[in-house]
Amino acid sequence: MSNTQKKQLKRKRRKALQKRGPLTLVHSAASAQPLPSLRAMEGVMAGMFGGVDGDEGTAVDRAQQVMYDAWEATEPKRRIALARKALAISGDCADAYVLLAEEVRDRHEARQLLEQGVAAGERALGQGFFEENVGHFWGLLETRPYMRDRCSLAQILWDAGEREVAVTHYQELLRLNPNDNQGVRDLLLPCLLELGRDKEAEGLVAAFEEDGTAMMSYSRALLAFRRDGDCSESRSLLRAAIKENRHVPTFLLGRKRLPKSIPDYHGFGDENEAICYLVDGANNWRATPGALDWLASSE
């Protein structure tokens, strides 16, 4: 996979992670219809559970109502205009900064927007809110713009080489929302492996032991191999990973070329999932002495 393809897939993967809800909601290749915008669907949920209408609510509430329309808009100019309208209503509308950051090409500008958005979200929620609601943030609709913003900022920081700071952001997101509806674990885990923070990585996979995605399954196997080499435990975990997604070794060992077109979505166990895993996971296998030979011999 070329560097251009990697960057393209990472951009698509960021947007997919930002839009999705629980990890079980993954687009199947067999589905004829695209996933709806989950961010726009939050507007429907807000209406069902006491959202504001018209001039009711705080300025942040009214700005967020505009953002629900912005997430539904398909034309970039319309989306940007609505985001700016939201900020004109309230400068503390974190979601507006998320959208604007997605629409700019300059990464430095995107980072600045996201940093402003994180600060805006913290102001809007207030310190007391963080203290009272830690542990179940995503279950509260008003937290989601802040969570989206902070996750996007962490990704940009990692790509910019500020890796320890990025990891701190990811870990804080998981502290606020241990259920991890955002899929932060998929982003944090390869970072920990790349930094050699294997103990923390082991703690992360243990916290999501029921997660059978390619990212988690193959990382469990790789961690066991890095810790104990070729042993009964590592072989058992590798067999389980291959059972979950048999396509990963084919690509990772170079037996099949990666496609030119990058998948927007994936299903559990399919080729697209393998490709998505390899974007962040392949380098950790290559950087682990003997891991690829072990994988080849274990098939």
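Every number here is computed from the coordinates shown, using simple stated rules; none is lab data. This structure is a prediction, so every number in the text was calculated from the model and none was measured. FYI the Cβ positions are ideal-geometry reconstructions off the backbone, even for glycines, and counts take in every protein chain you see.
Structure data summary
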quantity	calculated
Whichever aspartates and glutamates have a C-alpha closer than 17 Å to that of K199, once near sequence neighbours (fewer than 8 apart) are set aside	E164, D186, E209, D228, E233
Anchor K256: aspartates and glutamates whose Cα lies under 13 Å away (excluding residues fewer than 8 positions away in-chain)	E271
Whole-Å distance, taken between Cα centres, linking the stretch 241-295 and the stretch 108-128	35
In Hz, Karplus ³J(HN,Hα) per residue of the stretch 110-127 (6.51, -1.76, 1.60; θ = phi - 60°; x = Gly, Pro)	4, 4, 4, 4, 5, 4, 5, x, 4, 4, 5, x, 5, 5, 5, 7, x, 4
Rounded to whole Hz, the Karplus (6.51, -1.76, 1.60) HN-Hα couplings of the stretch 283-299, x for glycine and proline	4, 5, 5, 5, 7, 9, x, x, 5, 5, 5, 4, 4, 5, 7, 9, 6
Inter-probe distance in nm under a simple model that places probes 7 Å from Cα toward Cβ, at E172 and Q127	1.4
Karplus-derived 3J(HN,Hα), 6.51/-1.76/1.60, for each residue of the stretch 136-142, Hz, glycine and proline x	8, 4, 5, x, 10, 4, 5
Three-way shape label, the stretch 64-176, alpha-carbon gyration tensor, a/c 1.5	oblate
Loop-located GluC sites (Glu not before Pro) in the stretch 97-188 whose Cβ has at most 16 other Cβ within 10 Å (DSSP)	E162
Chymotrypsin sites (Phe, Trp or Tyr not before Pro) restricted to the stretch 243-299 and DSSP loop, no more than 14 other C-beta within 10 Å	F268
Label-reachable residues, the stretch 144-173, where backbone N falls under 16 Å from a point 7 Å from V104's Cα toward its Cβ	149-150, 152-157, 160
